[in-house]
Amino acid sequence: MGYKNILIEIKDAILYAKLNRPKQLNALNKEVFSEIKHLFTNIAVKDEVKSVIITGSGEKAFAAGADIKEFADFNIEQGKALASNGQKIFKIIETFNKPVVAAINGFALGGGLELAMACHIRLASTNARFGQPEVSLGVTPGYAGTQRLTQLIGKGKSIELLMTGAMINAEEAQRLGLVNYVVSQDDLIGKSEKLLKTIMKQSPIAVAGVIQCIDAYFTEGVDGFKSEIEEFGKCFGTEDFKEGTNAFMNKRKAIFTGK
Ligand code: CAA
């Protein structure tokens, strides 16, 4: 599949996915969604890829939301289908078994913030702006913004941001725990790479287990404590576990193979 709206590159085991509709502030239309889905189900799964960075092209926006022009004349059923499809695709990212970083280089609004929140870790440049402005368009968020924003920053502040549609800056986003780090735009990808390189030195199996256990915490009907026992136990059958413990006892650095 040739991508029309996402620039992709694989370098040093990192898959770089750059949303590329800068004139529309990287708004997420139907095509972008099918490309994101294809990317995570066909490219990011390859063995040569160990982690993913999602960012936006241009200096202004990560993504300014779902494409308003595309859904402006939708009816109730089409609205539900739009949200359902978006939620399913973002869930693929949230539960992806390799680390996914959102490098937020500008506006992350509506669906753009929802995409960033589906990633495992968020880094922002100082010019980034965040918000769920959907109420100003007469809709609620649809790609799980009400859920993930509340999970990340708590009900008190989340309900205020969701009801006012207000935008916050990067410093405030960091204070609220919405982003992990704030750096200059020039340092954004470098800092994301540095963080991923630290993660990529760990056991990929254990890292995937962490992703799964945290997802279990937030999944209705799933006992996260039990999931942790399962994941922990499974690790004992891996070469990574033998390597990690052997390296510790021999006072050397572990080299993990993900087996
Ligand atoms: N959808 C479609 N086009 C968008 C867009 C969006 N979400 N955001 C920006 N654009 C387009 C603009 O229409 C404009 O295109 P034209 O030049 O063809 O008119 C271009 O991008 C540049 O935008 P602006 O001229 O508006 O740039 P600005 O600097 O004046 O303002 C902004 C920047 C404050 C981000 C403003 O563009 C804006 O408010 N955008 C909409 C943000 C928004 O409401 N997002 C939520 C979308 S709904 C959603 O996401 C629902 C959901 O959860 C599923």
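The values are calculated or read from the model by the stated rules, or taken from the named source; none is laboratory data. Since the structure is predicted, the reported quantities are computational estimates derived from the model, not experimental observations. As a convention, Cβ positions derive from the backbone with ideal geometry for all residues, glycine included, and neighbour counts pool all protein chains shown. Quick note on the areas: whole protein, heavy atoms, side chains included, nothing else; ligands and nucleic acids left out. Shrake-Rupley method; radii C 1.70, N 1.55, O 1.52, S 1.80 Å.
Highest-first packing order for the peptide set 1-13, 156-168 is 156-168, 1-13, based on the mean count of other beta carbon atoms within 10 Å. Accessible area of TYR181 (1.4 Å probe, protein heavy atoms only, ligands and nucleic acids ignored): about 90 Å².
Inter-label distance, VAL135 to ASN246: 5.8 nm, where each label sits 7 Å from its Cα along the C-beta direction.
Rounded to the nearest 20 debye, what is the charge dipole size of the chain about its Cα centre when +1 sits on each Lys and Arg Cβ and -1 on each Asp and Glu Cβ? The partial results should precede the final answer.
Numbers: 32 positive and 29 negative charges, 113 e Å.
So the dipole magnitude of the chain works out to roughly 540 debye.
Here's the list of aspartates and glutamates a cross-link from LYS11 could span, going by alpha-carbon distance under 15 Å and ignoring same-chain residues fewer than 8 apart: ASP47, GLU48, GLU193.
Express in % the proportion of alpha carbon pairs of the chain at distances exceeding 28 Å. Numbers along the way, then the final one.
Details: 11587 of 33411 pairs.
Summing the P(r) of the chain above 28 Å gives 35 percent of all pairs.
Estimated from helices alone, the mean residue ellipticity of the chain at 222 nm is -13500 deg cm²/dmol (sum of -39500 (n - 2.57) over DSSP H runs with n ≥ 4, per residue).
Just the number, please: percent antiparallel of the DSSP beta bridges in the chain, rounded to the nearest 5. In the chain, approximately 25 percent of DSSP beta bridges are antiparallel ones. Using θ = phi - 60° in the Karplus curve 6.51 cos²θ - 1.76 cosθ + 1.60, the 3J(HN,Hα) couplings for region 12-27 round to 6, 6, 9, 8, 9, 10, 10, 4, 10, 10, x, 5, 9, 6, 6, 4 Hz; x is entered for Gly and Pro. Restricting the calculation to Cα atoms, region 204-249 shows an Rg/Rh of 1.07 when the hydrodynamic-style radius is the Kirkwood one. Around the amide H of VAL183, modelled in the peptide plane, lie the amide H atoms of ALA124, SER125, THR126, all under 5 Å away and 5 or more residues distant in sequence or on another chain.
Given the options LEU25, PHE130, HIS120, identify the residue whose Cα lies farthest towards the positive end of the charge dipole of the chain (+1 on Cβ of Lys, Arg; -1 on Cβ of Asp, Glu). Farthest along the dipole direction, towards plus: HIS120. Against the chain, whose longest principal axis is taken from its Cα atoms, helix 155-164 shows a tilt of about 30°. Ranked by the mean number of other Cβ atoms within 10 Å per residue, highest first, peptides 198-208, 237-247 order as 198-208, 237-247.
Rounded to the nearest 10 degrees, the inclination of helix 239-249 to the longest alpha-carbon principal axis of the chain is 60 degrees. As a fraction of the 1.4 Å probe accessible area of the chain, surface on carbon and sulfur atoms comes out at 56 percent. Ordering CYS213, PHE232, ASN246 by the projection of their Cα atoms onto the charge dipole of region 204-249, which places +1 on the Cβ of Lys and Arg and -1 on the Cβ of Asp and Glu, puts ASN246 at the extreme positive end.
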